[in-house]
Each structure stands twice: as C-alpha cells, then as structure tokens.
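Chemist: Sharing a structure below in structure tokens format, with a few things to ask.
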Amino acid sequence: MSHQGIFGGKRIVLGVTGGIAAYKAATVCSRLVQAGALVDVVMTEAAQKFISQLTFQALTHRPIYTDMFHIPGGENIPHIVLADSADLLLIAPATANTIGKVANGLADNLLSAIALATPAPKLMAPAMETDMWRHPATQRNVATLKGWGIEFIGPAAGRLASGAMGEGRLVEPDEIVAAAQMILARQGDLAGRTVVVTAGGTREAIDPVRFVSNHSSGKMGYAVAEAARDRGAQVTLITLANLPAPFGMAVVRVDSAQEMLDAVLTATDQATALIMAAAVADFRPLTVAEQKIKKRGDTEGLVLELVRNPDILAEVAARKATGTGPEITVGFAAETHDLLANAQEKLKRKRLDLIVANDVTATDAGFAVDTNRVTLLGTDGSIEETPLMTKREVAETILDRVARFLMDS
Ligand code: C5P
C-alpha cells in the first residue's frame with residue numbers, strides 16, 4: 001500500500017498565488033513529488049508573474065492548470081475534476097487576496113473555484129507584508145476560514161521581501177510539507193491509535209564516563225515511529241539514539257534499560273501497540289563506580305561483574321496478563337544463528353503478537369545500515385519473509401500487520 005514514499009499515491013492540489021514567496025512553492029512541490037505525491041499545480045494569474053508554469057511542469061511532469069476555461073488535454077472541467085480527486089488542497093503561498101476570496105465564497109479564478117468545490121481538507125500557508133496580514137479584513141477572513149476547519153501554517157516572523165522585519169513570511173517548505181503530511185495522516189489506518197516505539201541500544205554505566213552498549217543505530221525504530229505517525233498514530237518514541245527527533249511525535253530520552261523499562265510502562269498504559277525495536281542490553285554492571293575507574297600501578301586488567309537487566313517485553317507481557325498494557329506487542333529478534341528457532345522461542349516466551357527476526361551478520365541488513373531483510377513470525381504460525389528493503393518499507397510491512405490485527409480484533 002503505502003510503500004512508495006510518505007505521500008504514496010496521495011493527490012495534492014498545490015495552489016500557488018501571486019506573492020514573491022511563490023518561488024518557494026517550487027521547493028514544496030519538489031518535496032511532495034519526491035515523497036510520492038501526485039501533485040496538480042494550479043497557478044493564479046499573478047503567480048505566473050513570479051514563477052513560470054514550466055518550473056512546476058518540469059517538477060511534476062504533469063500539466064499545469066491556470067485557467068477555468070482552458071482544459072489541458074481536453075478532459076473534463078478542471079475545477080470539478082481537481083476538486084473531486086484531491087486528497088488535500090494546499091495553497092502555498094496564500095496571498096491576502098486569495099484568502100479573502102475563499103473566505104467570501106468567490107470563485108472568479110480556477111483556484112478559488114476549486115477551494116469552493118472540493119470536500120478535501122485544506123491547508124493554507126500565508127505570505128504577505130505585515131500590515132496586510134494584520135489588517136482586520138485579513139484577520140477576519142482567516143478566522144472565518146479556521147471556523148470552517150481550514151488549517152493554517154504560519155506566517156512566520158522574519159525578513160520580508162520589502163526588507164522590513166515582521167510577521168508575514170512564508171514558513172519554510174519543509175514545515176509546509178510536514179504540516180501537509182500530518183493532515184493526510186489523519187486519513188491513515190492507524191488514525192486515533194497510540195503507538196509506542198523503542199529505538200536504539202541502551203547504555204549501561206560502568207562509571208561516570210564509561211558504559212556498555214551495542215551497535216544498534218536506532219534507524220529501524222525511527223523508521224517504524226515515522227511510518228506510524230504518517231499512518232495517523234499518536235506516537236511516543238523512547239530512545240537514546242543519536243538521531244534528530246522526528247517531528248510530530250513525543251520523544252522520551254532514556255539511557256539505561258531500567259530507564260527504558262520505566263518509560264515503556266508509563267507510555268504503554270494507554271497505548272494500542274508497543275513495538276520494541278530497541279536492542280536492550282541484557283546485562284549491566286553490578287555496580288556503577290561513583291568516580292572514574294583509574295588504572296593503578298601495575299594492574300593488568302579489570303573484571304566487570306554483570307547482572308541481568310529486566311526484560312521489558314516480559315514485564316509488559318505480565319501486565320497484559322492482568323488486562324492492562326497495549327493490545328498488540330511486537331518484538332524484534334536480532335540473531336547471529338538459528339534465526340527462526342530463536343525467534344519462535346521468543347515469540348512464545350515474551351507472549352508477543354508478532355516478532356521481526358533479522359540476521360545481524362548480513363552486511364546489507366540489521367545494524368546501522370539503511371536496509372533490512374526480515375522474517376515476520378506471527379502467533380498464528382505465519383512466516384513472512386521480506387526481500388531486502390529500506391527500513392521504512394520494512395516498517396510499513398510491520399505496520400500493515402499491526403493494522404490488520406486491529407481490524408480483526
Ligand atoms: O531476548 P532478546 O533480547 O533477544 O529479545 C529481543 C526483543 O526483546 C527485542 O524486541 C527487545 O527490544 C526486547 N528486549 C526487552 N528487554 C530486554 C531485552 C530485550 O524488551 N531486556
């Protein structure tokens with residue numbers, strides 16, 4: 001299904017209006033196309049004074065719509081076709097003029113007609129001089145549109161085209177794309193669900209400067225968290241991975257397995273699903289030295305005594321047995337040998353609904369790389385092997401299974 005990028009197959013009508021920020025719409029358009037969206041660009045007459053149709057045509061490989069009465073390719077009336085097919089109408093930049101037209105029900109150009117005709121969710125990214133933005137007419141129009149459920153992103157404060165500083169700048173293209181993504185996610189198959197994901201290894205302190213850890217990069221868990229977010233879930237990501245925090249989710253930073261356990265138990269209290277992609281350390285030093293351990297005199301070595309860490313999934317399973325905790329638990333099995341037998345055993349022992357087994361000795365799968373090849377083992381005895389895919393694609397495959405469980409339950 002959604003394996004073609006975060007906007008996989010979504011139809012977005014991108015309305016570009018006539019402000020100097022129109023050039024930034026090209027970046028927005030390019031990002032959307034790269035992320036798998038089918039983008040139909042509608043330009044107002046003024047927009048074409050700032051940026052050429054050709055730019056958008058080259059980016060989308062699709063006809064550009066500018067005129068109510070000119071039908072590219074000779075199909076149906078464009079405002080009806082575009083209005084009916086859109087999953088989202090995004091107007092970026094949105095001028096005071098276009099905001100005013102839509103708020104007052106005018107339909108005197110193609111874009112305002114589509115805005116009136118489409119049932120799709122709408123997102124506007126305003127850009128204009130501060131005085132225009134602050135004008136009571138604009139503010140009233142924005143309030144009217146918000147009252148109808150139309151969403152706004154920005155404007156930001158900063159340097160304006162006039163050289164003045166103030167409120168009215170178009171927000172950055174990446175933020176616009178992220179906001180569009182959040183809106184589309186509400187139509188996803190995990191909308192309204194709460195998903196907790198763990199990612200990366202854990203760090204078990206030896207002394208204030210040293211720790212025991214492993215090679216897990218956190219990439220697989222991050223991919224799962226981002227995919228769940230894009231399918232509409234409310235996500236809590238519990239991690240110590242050294243990766244930038246993804247937008248649109250709660251990120252809980254932890255260090256040791258014990259801290260991860262506490263965070264998981266708190267977060268899963270009300271959650272639909274727990275996906276434990278973290279490589280939790282099985283052992284930790286028995287004691288943590290209060291001060292840095294010094295090499296002394298002629299001592300040749302140091303013996304570290306390790307003790308078992310709590311098994312987070314086992315603790316969650318114990319809670320599940322008492323009727324609390326997540327409905328669905330997914331574990332991972334990173335193995336160097338006897339992959340399937342070990343994974344089967346964990347599936348049962350940890351009372352999981354699904355286990356994702358991967359052979360971490362492969363160089364193109366497992367730790368740190370961007371690709372993975374896994375085997376999904378279900379409690380129903382099913383065994384599904386995936387080909388080598390990106391971690392995002394593996395994440396989508398796992399979530400396909402989670403969504404299916406939810407449909408069946
Ligand atoms: O038993 P093993 O560590 O191989 O099982 C791996 C699965 O169990 C992973 O999903 C991992 O996140 C989870 N795990 C855990 N608590 C531990 C160790 C692993 O929840 N202490």
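Chemist: Is it the case that Ala205 is at negative phi and within 14 Å of the ligand (Cβ to nearest atom)? Let's see the steps before the verdict.
Modeler: Numbers: at negative phi: yes; within 14 Å of the ligand (Cβ to nearest atom): no.
No: the conditions fail for Ala205.
Chemist: Out of everything in the range 160-200 that is crowded, with 23+ Cβ neighbours inside 10 Å and assigned to a strand (DSSP E or B), what residue ends up being farthest from the ligand (Cβ to nearest atom)?
Modeler: Gly168
Chemist: Of all residues in the range 75-97, how many are open to solvent by less than 10 Å² (accessible area, probe 1.4 Å) and in contact with a strand residue (DSSP E or B) (Cβ under 7 Å, 6 or more places away or on another chain)?
Modeler: 9
Chemist: Among the residues of the range 260-270, how many are farther than 13 Å from Ala199 by Cα and surrounded by fewer than 21 Cβ atoms within 10 Å (Cβ to Cβ)? Working first, answer last.
Modeler: Filtering the range 260-270 for residues farther than 13 Å from Ala199 by Cα gives 262, 265-270.
With surrounded by fewer than 21 Cβ atoms within 10 Å (Cβ to Cβ) added as a condition, the list becomes 262, 265-266, 269-270.
Qualifying residue count, the range 260-270: 5.
Chemist: Next question. Quick check on my filter: what residues within the range 353-373 are open to solvent by 10 Å² or more (accessible area, probe 1.4 Å) and away from the ligand (no atom under 14 Å from the Cβ)?
Modeler: Thr361, Ala362, Thr363, Asp364, Ala368, Val369, Asp370, Thr371, Arg373 - these are the residues of the range 353-373 that are open to solvent by 10 Å² or more (accessible area, probe 1.4 Å) and away from the ligand (no atom under 14 Å from the Cβ).
Chemist: So, one more: Can you tell me how many residues within the range 126-145 are open to solvent by 20 Å² or more (accessible area, probe 1.4 Å), part of a helix (DSSP H, G or I) and either under 18 Å from Gly166 (Cα atoms) or in contact with a strand residue (DSSP E or B) (Cβ under 8 Å, 6 or more places away or on another chain) (or both)?
Modeler: The total comes to 7.
Chemist: Are there any pairs with C-beta distances below 8 angstrom linking a residue in the range 304-315 that is modelled with pLDDT of 95 or more to a residue that is open to solvent by 40 Å² or more (accessible area, probe 1.4 Å) and near the ligand (Cβ under 6 Å from one of its atoms), with the two at least 6 apart or on different chains, and if so which?
Modeler: Listed pairs, sorted by first residue: Arg308/Asp282; Asn309/Asp282.
Chemist: Continuing with this model, one more query. In the range 259-317, which strands (runs of 3 or more DSSP E) lie fully inside it and hold 1 or more residues that are within 30 Å of Glu396 (Cα to Cα)?
Modeler: Of the strands (runs of 3 or more DSSP E) lying wholly inside the range 259-317, those with at least 1 residues that are within 30 Å of Glu396 (Cα to Cα) span 273-276.
Chemist: Additional query: Among the candidates Gly232, Gly301, Gly248, single out the residue that is farther than 13 Å from Val197 by Cα, touching an Asp or Glu at 6+ places or on another chain (Cβ under 8 Å) and open to solvent by 10 Å² or more (accessible area, probe 1.4 Å).
Modeler: From the options Gly232, Gly301, Gly248, the qualifying one is Gly232.
Chemist: When you look at Lys348, is it under 19 Å from Val196 (Cβ atoms) and either open to solvent by 10 Å² or more (accessible area, probe 1.4 Å) or modelled with pLDDT under 90 (or both), yes or no?
Modeler: Considered against the rule, which asks whether it is under 19 Å from Val196 (Cβ atoms) and either open to solvent by 10 Å² or more (accessible area, probe 1.4 Å) or modelled with pLDDT under 90 (or both), Lys348 comes out as no.
Chemist: Mind counting the residues in the range 374-409 that are in a strand (DSSP E or B) and either open to solvent by 20 Å² or more (accessible area, probe 1.4 Å) or under 23 Å from Ala241 (Cα atoms) (or both)? Give the steps one after another, and end with the answer.
Modeler: Within the range 374-409, the subset in a strand (DSSP E or B) is 375-378, 383-385, 389-390.
The next check asks that each one be either open to solvent by 20 Å² or more (accessible area, probe 1.4 Å) or under 23 Å from Ala241 (Cα atoms) (or both); those that pass are 383-385, 389-390.
Total meeting the criteria: 5.
Chemist: Tell me, which residue of the range 201-217 that is modelled with pLDDT of 95 or more and in contact with a Ser or Thr (Cβ under 6 Å, 6 or more places away or on another chain) is farthest from Arg253 (Cα to Cα)?
Modeler: It comes out as Glu204.
Chemist: Give the residues of the range 304-335 that are out of contact with any Asp or Glu (no Cβ under 7 Å at 6 or more places or on another chain) and within 26 Å of Asn372 (Cβ to Cβ), sorted by residue number.
Modeler: Matches in the range 304-335: Asp311, Ile312, Leu313, Ala314, Val316, Ala317, Pro326, Glu327, Gly331, Phe332, Ala333, Ala334.
Chemist: As an exercise: evaluate Gly188 against (1) under 15 Å from Pro246 (Cα atoms); (2) within 13 Å of the chain's Cα centre (by Cα) and give the number of the one condition it does not meet.
Modeler: Going through (1) under 15 Å from Pro246 (Cα atoms); (2) within 13 Å of the chain's Cα centre (by Cα) one by one, Gly188 breaks only (1).
Chemist: Here's another thing I want to ask about it. Might you let me know whether the range 352-373 holds any residue that is closer than 22 Å to Thr202 by Cα, in contact with a helix residue (DSSP H, G or I) (Cβ under 8 Å, 6 or more places away or on another chain) and part of a helix (DSSP H, G or I)?
Modeler: Scanning the range 352-373 turns up no residue that is closer than 22 Å to Thr202 by Cα, in contact with a helix residue (DSSP H, G or I) (Cβ under 8 Å, 6 or more places away or on another chain) and part of a helix (DSSP H, G or I).
Chemist: Within the range 300-324, how many residues are within 15 Å of Phe211 (Cα to Cα) and within 16 Å of the ligand (Cβ to nearest atom)?
Modeler: Residues in the range 300-324 being within 15 Å of Phe211 (Cα to Cα) and within 16 Å of the ligand (Cβ to nearest atom): 3 in total.
Chemist: β-branched (Val, Ile, Thr) and within 21 Å of the chain's Cα centre (by Cα), is that true of Thr266? So that I can check it myself, show each step before the final result.
Modeler: Values: β-branched (Val, Ile, Thr): yes; within 21 Å of the chain's Cα centre (by Cα): no.
So Thr266 does not fit the description; no.
The values are calculated or read from the model by the stated rules, or taken from the named source; none is laboratory data. Just so it is clear, the model here is predicted, and its values are computed rather than measured. In this analysis, Cβ positions are derived from the backbone assuming ideal geometry, glycine residues included, and neighbour counts consider all displayed protein chains. Just the protein is used for accessible areas: all its heavy atoms, side chains included, with ligands, DNA and RNA removed. Shrake-Rupley method; radii C 1.70, N 1.55, O 1.52, S 1.80 Å.
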